[in-house]
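Structure record follows, encoded as C-alpha cells.
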Amino acid sequence: MGTTVEWINQEESASHTVTSGAPDNPSGVFDSGRLRPGDSFRFTFHQPGTYEYFCSIHPRMRGRIIVKPAPASGSDY
Ligand SMILES: [Cu+2]
C-alpha cells in the first residue's frame with residue numbers, strides 16, 4: 001500500500017533535488033540526488049504525516065507533502 005508521488009524536472013536547464021526535511025535539518029527520509037532536466041524521482045509514502053522537502057541546490061525552494069490516513073473501510077473483514 002502507500003501512495004507514490006513522482007516529481008519531474010521540467011526545467012530547460014536547471015537541476016534540482018527533492019530532499020526531505022529542511023536545509024538546516026534534512027530528515028533522511030528521501031533524497032533524489034541531482035535531477036537534471038527531464039529526470040524524475042518517485043517515492044512511496046507509507047505513513048500518514050507532513051513531509052517537508054527542499055532542493056539542496058537551491059535551498060529556498062521548499063515543498064510539502066501531506067499524507068492522510070486511508071479512510072476506514074466500514075468493514076471488519
Ligand atoms: Cu533547485
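Any read-out appearing in this document is the output of simple, stated calculations on the displayed coordinates, not a laboratory observation. If you're wondering where the values come from, they're calculated on a predicted model, not measured in any experiment. Glycine also receives a Cβ, built like all others from the backbone with ideal geometry; neighbour counts cover every protein chain displayed.
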Next on the checklist: Name the residue that is surrounded by the fewest Cβ atoms within 10 Å (Cβ to Cβ), counting only residues in the range 35-49 that are of a type in the set (A, V, I, L, M, F, W, C) and more than 16 Å from the ligand (Cβ to nearest atom).
Outcome noted: F45
Checklist outcome for this item: When (1) in contact (Cβ under 8 Å) with a residue 60 or more places away in the chain; (2) more than 14 Å from the chain's Cα centre (by Cα) are applied to H58, the one that fails is (1)
Next on the checklist: Residue under question is S73, and the condition is that it be more than 13 Å from the chain's Cα centre (by Cα), free of Cβ contacts under 8 Å to residues at least 12 places away in the same chain and on the phi < 0 side of the Ramachandran plot; does it hold?
Outcome noted: yes
Checklist entry - In the list S13, S32, S27, which residue meets the criterion of being small (G, A, S), surrounded by 11 or more Cβ atoms within 10 Å (Cβ to Cβ) and within 16 Å of the ligand (Cβ to nearest atom)? => result S32
Item to check | the range 50-62, subset surrounded by 12 or more Cβ atoms within 10 Å (Cβ to Cβ) and closer than 13 Å to V29 by Cβ, residue nearest to the ligand (Cβ to nearest atom) | outcome: F54
